[in-house]
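Notes for the one structure printed next.
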Amino acid sequence: MELAFSHAEQAFAREVHDFIQANLPDDIRQRVEHDLHLTRDDYMRWQQILGRQGWHTYTWPREHGGPGWSAVQRYIFEKTSAELNCPTIQPFGPRMVGPVIFNFGSEAQKAQHLSGIRDSTVWWCQGYSEPASGSDLASLATRADDAGDHYVVNGQKIWTSYAHYANWMFCLVRTQRGTRPQEGISFLLIDMTTPGIVVQPIPMLEGTHSFNTVFFTDVKVPKANLVGEEGQGWRYAKFLLEHERVENSNIGFSTFAMRRLHRVAKSVIQHGRPLLEDPVFRSKVSAVEAQLKALEINTLRALSAMGSGSSPGAGLASSLKIRGTEIGQRISELICEAAGPQGQALDPVLLSGQGDMAGIEPSLIGAPANYFWRRAMSIYGGSNEIQRNIIAKQVLGL
Ligand SMILES: Cc1cc2nc3c(=O)[nH]c(=O)nc-3n(C[C@H](O)[C@H](O)[C@H](O)COP(=O)(O)OP(=O)(O)OC[C@H]3O[C@@H](n4cnc5c(N)ncnc54)[C@H](O)[C@@H]3O)c2cc1C
């Protein structure tokens, strides 16, 4: 299905396309193109270029310094970014904590934090999960005890993506024990340089480092860093998760991966002709392509509902997260299937852009790492089983 863009939208698409062509550094473009690992500097360089253009926080309304784009403009920007091999914008600042701060934060918090998110000079991380509180997040045990003008935080967070890069963490802590586990949770902004914070790496299967566990021992956090009301953190956390789940429909990634699937399936020759011409393989590709189109339209619906920062609703956010991750995983499976034996090598040295790449089809270097990474999509942001529970309860009333 083709969207019938208006003249103004077509002009906007050209503007985005031309800007990216002119400004995306070539070394970053190539690393993304071949699914090699990106460094903090790679992400920050591109995000800061977007920030100077006012596009890093492209989902934000004008009143908070965003471009105030419509759902269609955001969609065009995401698709074009994926088509031209831009790095994924890290969501922690612009998509996660930013909307929480401008919806629920104090004026002082807005003044302190929003510009650093807009310009991408500050890297944020998400301190939600704990060793015994993942799906059952409300059981979290990291404590913040009242000590007058500050809290004293003790506990442990886990699976904290890029905590080793982060300047600040938005963190769920327990300030009280209530009758329900959701009560007494508060939402704190924590400066990662505060004494008492230790970040410990958790190595990934494909030899990279993005995960961490973070320990807090008597960490003093000023009360001025409490977002909204004490004990109401669950409300803000849920608002943020719904945004995260729409984001996790991963249209950008899937568009990019679909293009790679076509490229690989065209370049692999089987029985004297490109694999893409094999009727069985082609039908697999067509099936997932049709699913991706349907997902795109539903994501647009959710983006319209979100308007300038409001919530899309839990049921829709959950269904997009499930479909988006399933489709993304399916495409990464088909890339590995098409690539055959060449697509099975998992070499961290090659993934970092070093080592001898001679004789290896560039599109295949990142294929297996990507396959494994995409397994994680159905876990983070709340696992797909948990999303099905949400739909069962909130949409079907079961
Ligand atoms: C790539 C990646 C990045 C992440 N980044 C972050 C981050 O930056 N910050 C952060 O705070 N967290 C992060 N996480 C953690 C993520 O949010 C948790 O892994 C997730 O919420 C699941 O929790 P868990 O790992 O403790 O699994 P568990 O909750 O122990 O679940 C284990 C399994 O049981 C299933 N299950 C559990 N309860 C139910 C139920 N009631 N009904 C049906 N099935 C159930 C789950 O679906 C899952 O399959 C990340 C995870 C991944 C994979």
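Please treat every number below as a calculation from the coordinates, not as lab data. From a predicted model like this one, the values you see are computed outputs, not experimental measurements. Here the Cβ positions follow ideal geometry from the backbone for every residue, glycine too, while neighbour counts run over all protein chains shown.
Kindly provide the set of residues from region 260-286 that are of a type in the set (A, V, I, L, M, F, W, C) and surrounded by 15 or more Cβ atoms within 10 Å (Cβ to Cβ), ordered by number.
L261, V264, A265, V268, L275, L276, F281, V285
Residues A8, A82: which one is surrounded by fewer than 17 Cβ atoms within 10 Å (Cβ to Cβ) and part of a helix (DSSP H, G or I)?
A8
So which of E130, E107 is more than 16 Å from the ligand (Cβ to nearest atom), more than 21 Å from Q48 (Cα to Cα) and not hydroxyl-bearing (S, T, Y)?
None of the other options fit; the residue is E107.
Having 3 or more residues that are out of contact with any His (no Cβ under 9 Å at 6 or more places or on another chain) and surrounded by 19 or more Cβ atoms within 10 Å (Cβ to Cβ) is the bar; report the strands (runs of 3 or more DSSP E) wholly within region 126-178 that clear it.
150-158, 168-174
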